[in-house]
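Taking it in order: structure first as structure tokens, then the write-up.
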Amino acid sequence: METAIHINALNKTFRGGRQALHDIRLNIRTGEMVALIGASGSGKSTLLRHMAGLMAGDAADHGLIQIHGKTVQQGGKIAADIRQTRAAVGFVFQQFNLVDRLPVIVNVLAGMLHRVPWWRSLLRWFTPAEVAKGLEALKRVGIAECCAQRASTLSGGQQQRAAIARAMVQGAKVILADEPIASLDPESSRKVMDILARVNREDRCTVVVSLHQVNVAIKYCPRTVALHHGCVVYDGPSAALTPTLLRELYGAEADDILSLGDHITSLQDKPSRLVPTAAWPQPVALAA
């Protein structure tokens, strides 16, 4: 199966000497839905931003990130053609990243600005076919009726769904979601995770989502990558993440992770568990 995301020997050290990422090596295949888990400060958001080319790794190393064979960064330098590569990568932020004063449909259509002439992007002028595509994306995420509202009038869950619709319109082959349900209520969280799972399944879009709740990762993502102090300490089937294994990986910090209950499970309408389309890698547990 084709590799969607390839990461080799990636390190990131911030000023002051704090190493946020240590020798990250990952291969994520096309069509996978992968969870990134770990306590706060484990490196989840930093890793996602490196995947998207929003941050560069350490220059002294030979760290490499490629998406569908195109280089995002290498040796601490962002690729010169990163804009072309980013066109295929949708990034869903925890805080939605919408323009509050603009209508929802305009926020969604911003996902195709990389494909329209510069003068149309300045005027925010879109063809009827493009608007229809935006409306279809909003319909798929369940908020088509909100298309003309200002983004600021939407609830947090609706704004997050609009952000996912923007990635759909963008034509993203890879979606990177940085704790997309961290600030949402249970019902909104369920809808957002259901939508990400549906986009993964129906569009064969590779999805990497960082999560605090282990049970949510088990429910939606067949594969989980666990980070601890910037290191990959586990890479394998989510179903194998028992409390015992988590305590082996995280020690005392496991209690903080396990204390975050799955607030989605309490809902009567529970999403069905996804069935993997291929055999997942055997668990890989590494010393922190």
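The values are calculated or read from the model by the stated rules, or taken from the named source; none is laboratory data. Quantities reported herein were computed from a predicted structural model and do not represent experimental measurements. Glycine also receives a Cβ, built like all others from the backbone with ideal geometry; neighbour counts cover every protein chain displayed.
Of all the strands (runs of 3 or more DSSP E) wholly in the stretch 164-230, which have at least 1 residues that are among the polar types (S, T, N, Q)? Walk me through it before giving the result.
Working: elements: 174-178, 206-211, 223-228.
Output list reads 206-211, 223-228.
Look through Ala60, Ala39 and report the one residue that is at pLDDT below 95, under 27 Å from Ala239 (Cα atoms) and part of a loop (DSSP other than H, G, I, E, B).
Working: Ala60 fails: under 27 Å from Ala239 (Cα atoms).
Within the list Ala60, Ala39, the selection yields Ala39.
Which members of the stretch 175-192 meet the condition of being closer than 18 Å to Cys221 by Cβ, touching a helix residue (DSSP H, G or I) at 6+ places or on another chain (Cβ under 8 Å) and not polar (S, T, N, Q)?
Ile175, Leu176, Ala177, Asp178, Glu179, Pro180, Ile181, Leu184, Lys191, Val192
Is it the case that the stretch 182-189 has a residue that's in contact (Cβ under 8 Å) with a residue 60 or more places away in the chain, closer than 17 Å to Phe93 by Cα, surrounded by fewer than 21 Cβ atoms within 10 Å (Cβ to Cβ) and within 17 Å of the chain's Cα centre (by Cα)?
yes
Identify, by number, the condition in (1) touching a residue at least 24 places away in the same chain (Cβ under 8 Å); (2) crowded, with 18+ Cβ neighbours inside 10 Å; (3) more than 23 Å from the chain's Cα centre (by Cα) that Gly111 doesn't meet.
Going through the list (1) touching a residue at least 24 places away in the same chain (Cβ under 8 Å); (2) crowded, with 18+ Cβ neighbours inside 10 Å; (3) more than 23 Å from the chain's Cα centre (by Cα), Gly111 breaks only (3).
Name, by its number, the condition in (1) buried (at least 17 other Cβ atoms within 10 Å of the Cβ); (2) assigned by TED's automatic domain parsing to the domain that holds Gly251; (3) touching a residue at least 40 places away in the same chain (Cβ under 8 Å) that does not hold for Val72.
The one condition Val72 does not meet is (3).
Scan the stretch 14-48 for residues that are of a type in the set (S, T, N, Q) and touching a His at 6+ places or on another chain (Cβ under 9 Å) and jot them down. So that I can check it myself, show each step before the final result.
Keep residues of the stretch 14-48 that are of a type in the set (S, T, N, Q), which gives 19, 27, 30, 40, 42, 45-46.
Within the stretch 14-48, Gln19, Asn27, Thr30, Ser40, Ser42 qualify.
Out of everything in the stretch 230-254 that is more than 23 Å from Ile28 (Cα to Cα) and not hydroxyl-bearing (Ser, Thr, Tyr), what residue ends up being modelled with the lowest pLDDT? Spell out how you get there, then give the answer.
Pass one, the stretch 230-254, residues more than 23 Å from Ile28 (Cα to Cα): 243-244, 247-248, 250-254.
Still in the list and also not hydroxyl-bearing (Ser, Thr, Tyr): 243, 247-248, 251-254.
On the way: Pro243: 86, Arg247: 87, Glu248: 87, Gly251: 79, Ala252: 70, Glu253: 74, Ala254: 75.
Once the filter is applied, the top-ranked residue is Ala252.
Is there a residue being touching a residue at least 60 places away in the same chain (Cβ under 8 Å), surrounded by 21 or more Cβ atoms within 10 Å (Cβ to Cβ) and in contact with a helix residue (DSSP H, G or I) (Cβ under 6 Å, 6 or more places away or on another chain) anywhere in the stretch 49-64?
Within the stretch 49-64 (the criterion being touching a residue at least 60 places away in the same chain (Cβ under 8 Å), surrounded by 21 or more Cβ atoms within 10 Å (Cβ to Cβ) and in contact with a helix residue (DSSP H, G or I) (Cβ under 6 Å, 6 or more places away or on another chain)), the answer is no, since none of the residues qualifies.
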